[in-house]
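**Q** Please see the structure below; I have some questions.
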Amino acid sequence: MLLDTVWKEFSDIHLFRFALDTVVLLVAGKLLKWTVSVLAKRNRRLQKTVVPAVYSITNWACLYGVLLIFLFDFSDNRWLFYPLYSKGGLDVTPFLLIVALMIVTLAHRLVKLLTKYVLSTVYDHYHVDRGLGYTFNRLIYYTVMIAALCISFTTVGLDLSALGAVLSVIGIGLGFGMRNIAANFVSGIIILFERPIEIGETVEINEETGRVEKINLRATTVRLDKSGTLIVPNQYFIEQVIKNRTTEKPSASIQVSVSSGMDTKKVEKLLHQAFETVKEADHSQAPDTTASVKLIRLRNHSFDFLVEIPLLPGSQKDGIENEMRHVIVRLFRENGIEFAKEPIEQVILRDS
């Protein structure tokens, strides 16, 4: 048995050598990161680009270095090459399983480093559109990972043709259950290529407004302005009407209703005055910003006004609207302007 072989051949010498080599490797990694941080201390550009890349590469190099040290230090032990099973004349051993795992994880990490630190710089240099760059990154990632999985399966003796046949049978059996997943998968590919929406754009979904953060093959992540995130199946973006608010100019709006007997010109003047008061206190507003005040509705019991304020990117819409309401209430009270009262419905009861 494998456990009996491990117990017989395991020795303190192997363990000590492995521990010593591991400590040396980790100390070397720490020393490398410290050296890079010292050299880049006075250069902010290097601190934002080179230092994180070196730290990430060093951490993963140490991890794989430990695995390689383990394989090297215990290479003379038979348990590492003990056949777990045979497939097509190939004896699958713990050594092959570790190698297969390393291939997949190493491919995953390398492609992440490539897209984050290398391709992003190339995209910036050649002014590649952000959405197109994201599409390239996802295609490269899935291509590399599929290739790595195929190599790993072959390494441990799995026949890819047989595996494909098994997956086909499973696919037929779960066809109806997997229908939505397949539709979302295809929709994700369409989104990546046609790009009806892109990373960073602002969209409106079911009267909720949010920013597109991530587009995966099955679902898209949208961060809402006020209430967390939405995980939206990609099929929704293909089949439903989505309002893209990216090119929309941000604005704040306040609707005010006053009694029908009030002087409309005076009300309009006070609303402009309220905006000027808020603008003086809110330094995020541009000096030349002006509010639009419109009389939008005439009713028997009220006159309705709409105040629209153009906002700069990053302005706090809710905060500005809240402050406007407070100032409007104060100015109306000081100038004798009455807010409209909701009409009371009268119900007349008659004796039968």
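**Q** Test Phe275 against the stated conditions and say whether it is at pLDDT 90 or above and under 38 Å from the mean Cα position of the chain (by Cα).
**A** Judged against the criteria, Phe275 is a match.
**Q** Another question, then. Among the residues of segment 236-285, which ones are in contact with a helix residue (DSSP H, G or I) (Cβ under 7 Å, 6 or more places away or on another chain) and among the hydroxyl-bearing types (Ser, Thr, Tyr)?
**A** Thr277
**Q** Based on what the data block shows, is Val212 aliphatic (A, V, I, L, M) and either touching an Asp or Glu at 6+ places or on another chain (Cβ under 7 Å) or in the same structural domain as Thr143 (by TED's automatic domain parsing) (or both)?
**A** For Val212, the condition - aliphatic (A, V, I, L, M) and either touching an Asp or Glu at 6+ places or on another chain (Cβ under 7 Å) or in the same structural domain as Thr143 (by TED's automatic domain parsing) (or both) - is met.
**Q** Would you pick out the residues in segment 235-272 that are outside any loop (DSSP other than H, G, I, E, B), modelled with pLDDT under 90 and out of contact with any strand residue (DSSP E or B) (no Cβ under 6 Å at 6 or more places or on another chain)?
**A** Residues satisfying the conditions are Gln235, Tyr236, Phe237, Ile238, Glu239.
**Q** Go through segment 199-222 and give me each residue that's more than 14 Å from the chain's Cα centre (by Cα) and on the phi > 0 side of the Ramachandran plot.
**A** Those that are more than 14 Å from the chain's Cα centre (by Cα) and on the phi > 0 side of the Ramachandran plot: Asn206, Glu207.
**Q** Applying the selection to segment 193-217, what residues are loosely packed, with under 15 Cβ neighbours inside 10 Å and outside any strand (DSSP E or B)?
**A** Selection gives Phe193, Glu194, Pro196, Gly200, Asn206, Glu207.
**Q** Do you know which of the residues in segment 98-118 that are under 30 Å from Leu15 (Cβ atoms) and hydrophobic (A, V, I, L, M, F, W, C) is surrounded by the most Cβ atoms within 10 Å (Cβ to Cβ)?
**A** Ala100
**Q** Restricting segment 137-153 to residues that are free of Cβ contacts under 8 Å to residues at least 40 places away in the same chain, surrounded by 14 or more Cβ atoms within 10 Å (Cβ to Cβ) and out of contact with any Leu (no Cβ under 7 Å at 6 or more places or on another chain), which is farthest from Val186 (Cα to Cα)?
**A** Going through the qualifying residues, I end up with Val144.
**Q** Consider Ala291 carefully, then state whether it is out of contact with any strand residue (DSSP E or B) (no Cβ under 9 Å at 6 or more places or on another chain) and either modelled with pLDDT of 85 or more or exposed (fewer than 14 other Cβ atoms within 10 Å of the Cβ) (or both).
**A** Here the answer is no, as Ala291 does not meet what is asked.
Results for (1) among the aliphatic types (A, V, I, L, M); (2) farther than 16 Å from Gly29 by Cα; (3) touching a residue at least 24 places away in the same chain (Cβ under 8 Å), shown as yes or no for each residue.
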residue	(1), (2), (3)
Leu46	yes, yes, no
Ser56	no, no, yes
Ala61	yes, no, yes
Leu67	yes, no, yes
Phe70	no, yes, yes
Phe74	no, yes, yes
Trp79	no, yes, yes
Tyr82	no, yes, yes
Ser86	no, yes, yes
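**Q** What number of residues in segment 82-97 are surrounded by 15 or more Cβ atoms within 10 Å (Cβ to Cβ) and part of a helix (DSSP H, G or I)?
**A** Number of matching residues: 3.
Residues are listed down the side, and each one gets a yes or a no for (1) more than 23 Å from Leu192 (Cβ to Cβ); (2) without any contact (Cβ under 8 Å) to a residue 40 or more places away in the chain:
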position: Gly228; (1), (2): yes, yes
position: Gln235; (1), (2): no, no
position: Val241; (1), (2): no, yes
position: Arg245; (1), (2): no, no
position: Val256; (1), (2): yes, no
position: Met262; (1), (2): yes, no
position: Lys266; (1), (2): yes, no
position: His272; (1), (2): yes, yes
position: Asp282; (1), (2): yes, no
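**Q** Which condition from (1) over 30 Å from Asp225 (Cα atoms); (2) crowded, with 17+ Cβ neighbours inside 10 Å; (3) modelled with pLDDT under 90 is the one that Gln346 breaks?
**A** (2)
**Q** Name every residue in segment 32-50 that is surrounded by 11 or more Cβ atoms within 10 Å (Cβ to Cβ), farther than 15 Å from Thr121 by Cβ and hydrophobic (A, V, I, L, M, F, W, C), in order of residue number.
**A** Once the filter is applied, which keeps residues that are surrounded by 11 or more Cβ atoms within 10 Å (Cβ to Cβ), farther than 15 Å from Thr121 by Cβ and hydrophobic (A, V, I, L, M, F, W, C), segment 32-50 yields Leu32, Val36, Leu39, Ala40.
**Q** Exactly one of (1) farther than 30 Å from Met324 by Cα; (2) surrounded by fewer than 18 Cβ atoms within 10 Å (Cβ to Cβ) is unmet by Thr229. Its number?
**A** Single failed check for Thr229: (1).
The values are calculated or read from the model by the stated rules, or taken from the named source; none is laboratory data. No experiment lies behind these values; they were computed from the predicted model shown. In this analysis, Cβ positions are derived from the backbone assuming ideal geometry, glycine residues included, and neighbour counts consider all displayed protein chains.
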